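*Asks:* Attaching a single structure in structure tokens format; questions to follow.
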Amino acid sequence: MGLSLGEKNFIKGGIAQDIRTDGRKRLTYRPVSVETGVIPQASGSARVKMGATDVIASVKAELGKPNASHPDKGRVSIYVDCSPTAEPTFEGRGGEELSIELSTALQRCLLGGKSGAGAGIDLSSLSIVEGKVCWDIYIDGLVVSSDGNLLDALGAAIKAALSNTAIPKVEVAANASSDEQPEVDVSDEEFLQFDTTGIPVIITLTKVGRHYIVDATAEEESQMSSAVSISVNRQGRICGLTKRGGAGLDPSIILDMISVAKHVSEQLIDKLDSEIAAAEACDEEL
Amino acid sequence: MEYVSPEGLRLDGRRPTEMRQLRAEVGVVAKADGSASFEMGNTKVIAAVYGPREVQNKGQQMDDQALVRCEYSMANFSTGDRMRKPKGDRRSTEISLVIRQTMEACILTHLMPRSQIDIFVQVLQADGGTRSACINAATLALADAGIPMRDLVTSCSAGYLNNIPLLDLNYVEDSAGGPDVTVGILPKLDKVTLLQMDAKLPIDIFENVMQLAIEGCKAVANYIREILLENTKKLEFCRGV
């Protein structure tokens, strides 16, 4: 990002004095707006705007076969795509690196370990017939406009999209033979809602100078020394953590950041939940 | 299959010469120099324009005119079945090329030598007529970016099924295998800048179908003009003039 020395100093000085270039405090988010049901073809979708950052998440559910090592669990995969509309450098394969970085960070923050233990989404609720049929959930994120803090926005969009998701109810035909693929009947009318209370939010704390801030804009991100993304659920438990950026952090600072993230997450979850509820109400009226 | 019922209604309840509902918005991508979203029924696209700016790849720089580039991409969730590998396939490359050529024809490139204009279109939902929707969105985005143009290019498609010319095909009608004529026009200059057709059609019928598509383009042009006027009034209001 082309910033002059003066601009850089202004951003850093502002953060040191707890008043940022757009007038926010260090731990204040930009206004968040949530819109659900933006992609009617998907099982669930949402669009989240945080300032000039604009992302869309869609959820698609398909029937699949569970992994042999975890026969009682469904599968969830997360892919993120960075549209060149957000930044010309994403043209062609230019956005691939960032896309992969965001996808893996989201997987780490939302899906837990390889076994699916500790995942924000309860994978065993996706199983239909153990070892035979399960739901494959594909979560696709798209970055339409980027002004920093993409990970938090994507996390919020995925949370909103999942609460918007309706998964068809499935009837399993009761033919008992164990080695045959069971016949399943997917209902067109009855849908099940996802339980989204356990899905965490992602808080990224960006360290600029000696202080750290939440919801950094692209200008502020260009001045960062390192950033820690922490996903926290409603109970205040940490579900995942990633650190980005070159500079090293003192372990005590990381612990301090985690407690700050936990504190901030309460406000963000409340704000998101009320926004999602408002968006859902608005969606149902239409 | 019957695409037009005996009462003269299409599968989605439209009359043969009726267009889907249009919706457009200017300035949807804050960071871009110009941007717009354009919806034709369930087809929804976003276009963003960056430039005129310095040429990124010096080898492509032209001393007498601006370089216009375009990239068309489809979101993974834009189609009914999830796509896995959307980037850089033949179809998107072809559509990028078509959009680039159509837009280049109306941009006054000679006014901006040694510079580059990037047009990025992103399909959020595909339900037939993405080509047209992308061109319409790109026109709006270029106008929003304040890039000098000869005219507003607009585009619309028309087809011919069950012996009836149909305006603005949706996905089901498009995949019926009948002819699909996509036309792009410069409405004020009354010139055709884009014309594509697949499948065969007798010449006299082709004339009617093309005429129908041109009427569609003109309707789109009126709508785009309205949106731009509204946007300009809003900008004027913001400046307090």
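*Asks:* Name the one entry in B:Gly59, B:Gly88 that is part of a loop (DSSP other than H, G, I, E, B) and at pLDDT below 95. Even if it seems obvious, please write down each step before you answer.
*Replies:* On the way: B:Gly59 fails: part of a loop (DSSP other than H, G, I, E, B).
Residue meeting the stated conditions: B:Gly88.
*Asks:* Just to be sure I understand the filter: pairs with C-beta atoms under 6 Å, separated by 6 or more residues or on different chains, first member in segment A:87-100 and without any contact (Cβ under 8 Å) to a residue 60 or more places away in the chain and within 8 Å of chain B (Cβ to nearest Cβ), second member hydroxyl-bearing (Ser, Thr, Tyr) and not in a helix (DSSP H, G or I). Which pairs pass?
*Replies:* Going by the 6 Å Cβ cut-off, the qualifying pairs are A:Glu87/A:Ser146; A:Pro88/B:Tyr50.
*Asks:* Please work out if B:Asp127 is acidic (Asp, Glu), touching a Ser or Thr at 6+ places or on another chain (Cβ under 7 Å) and either more than 26 Å from A:Gly94 (Cα to Cα) or open to solvent by less than 40 Å² (accessible area, probe 1.4 Å) (or both). Working first, answer last.
*Replies:* Working: acidic (Asp, Glu): yes; touching a Ser or Thr at 6+ places or on another chain (Cβ under 7 Å): yes; either more than 26 Å from A:Gly94 (Cα to Cα) or open to solvent by less than 40 Å² (accessible area, probe 1.4 Å) (or both): yes.
When the stated conditions are applied, B:Asp127 passes them.
*Asks:* Shifting gears a bit: When A:Thr89 is evaluated against the numbered criteria (1) assigned to a loop (DSSP other than H, G, I, E, B); (2) surrounded by fewer than 18 Cβ atoms within 10 Å (Cβ to Cβ), which criterion, by number, is the only one it fails?
*Replies:* Result: A:Thr89 passes all but (1).
*Asks:* Can you find even one residue in segment A:260-274 that is within 19 Å of the chain's Cα centre (by Cα) and in a loop (DSSP other than H, G, I, E, B)?
*Replies:* no
*Asks:* Looking only at residues that are more than 9 Å from chain A (Cβ to nearest Cβ) and free of Cβ contacts under 8 Å to residues at least 60 places away in the same chain in segment B:21-39, which one is surrounded by the fewest Cβ atoms within 10 Å (Cβ to Cβ)?
*Replies:* Step by step, filter segment B:21-39, then rank; the result is B:Gln21.
*Asks:* Exactly one condition in (1) open to solvent by 80 Å² or more (accessible area, probe 1.4 Å); (2) in a helix (DSSP H, G or I) is false for A:Met257; which is it?
*Replies:* It is condition (1) that A:Met257 fails.
*Asks:* Continuing with the same structure: Can you tell me which residue is surrounded by the fewest Cβ atoms within 10 Å (Cβ to Cβ) among those in segment B:179-202 that are more than 24 Å from B:Thr139 (Cβ to Cβ) and without any contact (Cβ under 8 Å) to a residue 40 or more places away in the chain? Before you say what the answer is, go through the steps one by one.
*Replies:* Restricting attention to segment B:179-202, the residues satisfying the condition of being more than 24 Å from B:Thr139 (Cβ to Cβ) are B:179, B:199-202.
Narrowing further to those that are without any contact (Cβ under 8 Å) to a residue 40 or more places away in the chain: B:179, B:199-200, B:202.
Values: B:Pro179: 19, B:Ala199: 12, B:Lys200: 7, B:Pro202: 9.
Of everything passing the filter in segment B:179-202, B:Lys200 is surrounded by the fewest Cβ atoms within 10 Å (Cβ to Cβ).
*Asks:* Out of segment A:74-86, which residues are at the interface with chain B (Cβ under 7 Å from one of its Cβ atoms) and open to solvent by 40 Å² or more (accessible area, probe 1.4 Å)?
*Replies:* The answer is A:Tyr79, and nothing else.
*Asks:* What is the residue count in segment A:27-57 for residues that are assigned to a strand (DSSP E or B) and at the interface with chain B (Cβ under 8 Å from one of its Cβ atoms)? Steps first, please.
*Replies:* So the first thing to find is which residues in segment A:27-57 are assigned to a strand (DSSP E or B), and the list is A:32-36, A:44-50, A:53-57.
Okay, now just the ones that are also at the interface with chain B (Cβ under 8 Å from one of its Cβ atoms), so A:45, A:54, A:56.
Looking only at that region, the number is 3.
*Asks:* Taking segment B:69-105, which residues are within 13 Å of another protein chain (Cβ to nearest Cβ), touching a residue at least 40 places away in the same chain (Cβ under 8 Å) and either farther than 20 Å from A:Asp136 by Cα or among the charged types (D, E, K, R) (or both)?
*Replies:* B:Arg69, B:Cys70, B:Glu71, B:Tyr72, B:Ser73, B:Met74
*Asks:* Could you please find all residues in segment A:139-152 being under 22 Å from A:Thr242 (Cα atoms) and within 13 Å of chain B (Cβ to nearest Cβ)? I'd like the intermediate steps shown before the answer.
*Replies:* The initial filter retains those residues of segment A:139-152 that are under 22 Å from A:Thr242 (Cα atoms), namely A:139-143, A:146-152.
Answer for segment A:139-152, where residues must be under 22 Å from A:Thr242 (Cα atoms) and within 13 Å of chain B (Cβ to nearest Cβ): A:Ile139, A:Asp140, A:Gly141, A:Leu142, A:Val143, A:Ser146, A:Asp147, A:Gly148, A:Leu150.
*Asks:* Just checking, which of B:Val172, B:Val181, B:Val209 is in contact with a helix residue (DSSP H, G or I) (Cβ under 6 Å, 6 or more places away or on another chain), over 30 Å from B:Gly146 (Cβ atoms) and not basic (Lys, Arg)?
*Replies:* B:Val181
*Asks:* Given the condition closer than 30 Å to A:Ala218 by Cβ and at pLDDT 80 or above, answer yes or no: does some residue in segment A:126-139 qualify?
*Replies:* Taking segment A:126-139 first, the residues closer than 30 Å to A:Ala218 by Cβ are A:138-139.
With at pLDDT 80 or above added as a condition, the list becomes A:138-139.
Within segment A:126-139, one or more residues are closer than 30 Å to A:Ala218 by Cβ and at pLDDT 80 or above.
The values are calculated or read from the model by the stated rules, or taken from the named source; none is laboratory data. Everything numeric in this text was worked out from a predicted model, so none of it was measured. Cβ sites come from the backbone with ideal geometry, for glycine too, and all protein chains shown count toward neighbours. Each accessible area value is taken on the protein alone, full model and side chains, heavy atoms only, with ligands, DNA and RNA left out. Shrake-Rupley method; radii C 1.70, N 1.55, O 1.52, S 1.80 Å.
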